[in-house]
Structures are given as C-alpha cells and as structure tokens.
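To start, the structure itself, in structure tokens.
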Amino acid sequence: MKKTLVLLTSLTMAFALTACGGGDTSTSATSAAQTEAVQTEAAQTGAAQAEGNTEAAPKADASGNDKLVVGFAQIGQESGWRDAETNDVQWYAARNTDTIELSFADAQQKQENQIKAIRNFIEMGVDVIVFPPVVETGWEAVLTECQEADIPVILVDRGIDPSAGEDLYTTMIASDHVWAGEQAAIVMDELLGGQGKVVELEGTVGASAAVQRKKGFDEYIAANCPDIEILDSQTGDFTRAMGKEVMESFLKTYDDIDAVFCHNDDMALGAIEAIKEAGKKPGEDVKIIGVDGVKGAFEAILAGEMNCTVECTPILAEQIFDTAAKLKNGETVDKWIMSADGVYTADKVTQEVVDGRQY
Ligand code: GZL
C-alpha cells in the first residue's frame with residue numbers, strides 16, 4: 001500500500017501517548033525546557049495529540065513534509081533502564097524537531113497495547129515503526145500488517161521468537177542477552193571460587209532478554225561449574241518490587257544461599273533490600289550480580305552491597321533514528337545492530353566511573 005498521507009505528529013515528550021485510546025497516560029521525566037519545546041511543537045502540529053490520544057490526532061496531507069516520522073511503541077516504565085531508553089529517545093527527538101517527528105505510546109507493559117499502538121501508527125502512515133517486543137511471541141499478525149503497509153519495523157532492546165520468521169521485521173538494535181548471561185556466570189564462578197548455591201531472579205516471562213540471559217547463565221554454569229548449584233529460579237518481572245518480594249521468599253525457603261543472579265539491576269536493588277531485612281550483608285554474605293548497568297547498581301557496587309553489573313546500554317536513540325532515516329531512504333541495514341557493552345566488577349567501579357555514567 002502506497003502511503004499517501006503522513007499524520008502530523010507532535011513530539012510527545014511531555015506526554016506519553018496511550019495508543020490504546022482511553023488508557024492511562026503517563027508522563028516521562030523531562031525538564032521544563034524540554035516540555036516547553038514539546039508543547040510548542042504540539043501546539044504547532046495538532047492540539048488533539050497533546051491531549052495524549054493518537055486516535056484523535058488530525059490527519060493531514062503529507063505533501064512537502066519531508067521529516068522522518070517515527071512511531072515508537074514503548075513497553076512501559078517497569079525499570080530505571082526502560083525510563084533511560086525512553087528519555088534518550090524523547091530527548092533526541094526534541095533536539096531534532098526540524099527533521100524528526102516522534103509519536104510515542106506507552107503500552108503500560110501490555111502486549112495488546114503495543115499492538116494497538118502499532119496499528120495506530122500504520123493508520124497514521126508513519127515512515128518507520130520502532131518497538132521493544134514485551135514478549136517474544138504473538139507478533140505475526142500485526143507485523144504482517146506493517147509489511148502490507150510497506151512500513152519498515154525496527155525492534156529495539158528485545159527480539160521476537162526466531163521461529164516466527166526474521167522477515168517479519170527489518171532490523172533489531174539490541175545487546176546480546178545470551179552473552180550477558182554468560183558474563184554473569186563467569187563472574188559468579190570467580191566470586192564463589194567455583195562452588196556454592198545460587199538463586200536466580202528472572203525477567204518478564206517470555207521476554208527475549210529474560211529467556212536469553214537465563215540461557216547464557218544456566219548453560220555456562222551447567223557446562224563449567226559442577227560445584228555451583230542453582231537452587232531456584234523465578235520471575236521478578238524486571239521490577240524492583242517483585243525482585244524484593246521473590247528474594248524474600250527465597251531467603252525464607254533456603255538458608256544456604258551464597259549468591260543471586262538478577263536478570264536486571266532493578267531486581268538486584270530489590271534483592272539487596274530483602275537481604276538486609278533478613279539480617280544478612282548483601283555483596284558479602286550473598287553475592288549479587290545484575291544486568292543493565294544503571295547508576296543505582298554502580299552506587300551499590302561502590303558501597304560494597306553488589307558485586308557486578310553487566311552493561312546493556314539503553315542509549316540507543318541516535319542509532320534508532322539514523323537507522324530509521326536509512327530505511328526511509330530505501331537503504332539496507334544489518335539484521336542485527338548489536339550494542340557494545342561492558343562488565344563492571346567492583347575493581348572497575350570508582351566514584352569517577354559512577355559520576356560519569358550516562359544513565
Ligand atoms: C534489555 C531490556 C530489559 C532490561 C530491563 O534490553 O529489554 O527490559 O534489562 C527492562 O531493565 O525492563
């Protein structure tokens with residue numbers, strides 16, 4: 001289908017649009033200046049959108065509008081990492097309103113809301129659709145609709161089930177989550193001197209980041225660490241609150257936990273709270289490894305309450321918009337644009353490193 005119109009979209013940095021219509025709205029943390037810029041932009045391109053409802057957004061003749069129009073269907077606000085990705089995307093768009101128009105939807109961690117947002121973006125006739133699939137499965141129908149609408153799709157930070165077919169999306173910009181799990185296992189082996197009992201706090205059930213981090217960690221331990229036992233593994237849904245809750249239950253069930261591997265730093269920070277409340281010393285009595293590289297984890301490592309974080313950068317906006325511009329211009333890009341990430345153990349974390357972190 002030839003796209004004949006592009007909806008005038010406003011940068012919605014001060015408002016996270018709910019593409020599901022009538023759903024909760026949420027605002028992302030932005031500065032007053034940023035909000036002012038956004039509100040000006042919103043006023044110029046359609047007050048209806050500034051109300052936070054893409055379905056009411058006015059459609060306009062796109063003739064002469066050569067801006068890059070991107071629809072971003074964000075998962076939600078489940079972790080500090082997610083907020084950092086959202087802020088990076090919105091701030092980048094706010095600095096480039098002369099060439100970029102961003103329509104942003106917050107799906108409140110519900111797949112059906114992401115699908116509704118993507119369908120809205122198709123209806124709006126955006127140039128490129130960008131989204132992190134909250135889970136790996138259930139995308140075939142809506143991604144086929146994107147193909148039929150001739151709208152390229154960029155997956156960010158998470159992927160879809162490979163058996164669904166890689167042709168369903170154009171490219172993925174993401175870290176290697178299997179590698180992250182393997183790195184966590186290597187550090188765990190070193191921290192425990194090759195022996196001990198470990199529990200695992202998993203991310204969102206069915207999310208590629210959780211599935212792959214678990215695969216990397218568990219398979220490395222099984223193949224290389226005969227004296228390290230994984231006592232239990234349960235989901236904490238990538239949130240601090242659930243991470244604390246599940247760690248509390250682990251501590252009540254097992255009295256010999258030597259370490260915990262957390263699929264993200266927010267759950268690690270929740271686990272630290274639970275370990276302290278159980279009268280134990282996090283980072284000493286119970287070793288703690290997380291993934292993401294958020295500032296809170298670096299501060300915990302500096303304080304001796306956490307032992308390692310494996311970075312997974314959320315600072316992807318420049319790559320996202322550069323790649324989207326290439327796709328709009330008909331260029332081809334790699335199927336997987338992989339982020340470069342680091343492994344931060346206590347010996348690498350100084351106050352200067354903490355102060356220099358971008359997120
Ligand atoms: C990783 C991303 C994960 C983070 C979590 O790419 O999908 O989702 O590790 C976030 O903090 O919730």
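Quick notes
- When residues in segment 246-265 are screened for being charged (D, E, K, R), surrounded by fewer than 17 Cβ atoms within 10 Å (Cβ to Cβ) and part of a helix (DSSP H, G or I), 1 of them pass.
- Among the residues listed as Gly296, Gly290, Gly304, the single one being surrounded by fewer than 24 Cβ atoms within 10 Å (Cβ to Cβ) and either away from the ligand (no atom under 16 Å from the Cβ) or in a strand (DSSP E or B) (or both): Gly304
- The set of residues in segment 191-223 being of a type in the set (D, E, K, R), more than 14 Å from the ligand (Cβ to nearest atom) and in contact (Cβ under 8 Å) with a residue 60 or more places away in the chain consists of Lys197, Glu200.
- Which numbered condition Phe321 fails, given (1) open to solvent by 40 Å² or more (accessible area, probe 1.4 Å); (2) of a type in the set (Phe, Trp, Tyr); (3) over 26 Å from Gly236 (Cα atoms): (1)
- Answer from Glu123, Glu85, Glu78, Glu136 - the residue that is open to solvent by 10 Å² or more (accessible area, probe 1.4 Å) and under 19 Å from Met338 (Cβ atoms): Glu136
- Taking the criterion of being of a type in the set (A, V, I, L, M) and open to solvent by 10 Å² or more (accessible area, probe 1.4 Å), the residues of segment 217-235 that qualify are Ala222, Ala223, Ile228, Ile230, Leu231.
- Phe238 vs. criteria open to solvent by less than 30 Å² (accessible area, probe 1.4 Å), among the aromatic types (Phe, Trp, Tyr) and closer than 20 Å to Thr313 by Cβ: yes
- Among residues of segment 236-250 that are closer than 13 Å to Ala278 by Cβ, those with a beta-carbon under 6 Å from a residue that is assigned to a helix (DSSP H, G or I) and within 16 Å of the ligand (Cβ to nearest atom) at least six positions away or on a different chain give the pairs Lys244/Gly270; Met247/Ala271.
The values are calculated or read from the model by the stated rules, or taken from the named source; none is laboratory data. Keep in mind that what you see is a predicted model, and the values were worked out from it rather than measured. Ideal geometry is used to build each Cβ from the backbone, glycine not excepted, and the neighbour counts take in all protein chains shown. We work out accessible area using only protein heavy atoms, side chains counted, and drop any ligands, DNA or RNA first. Shrake-Rupley method; radii C 1.70, N 1.55, O 1.52, S 1.80 Å.
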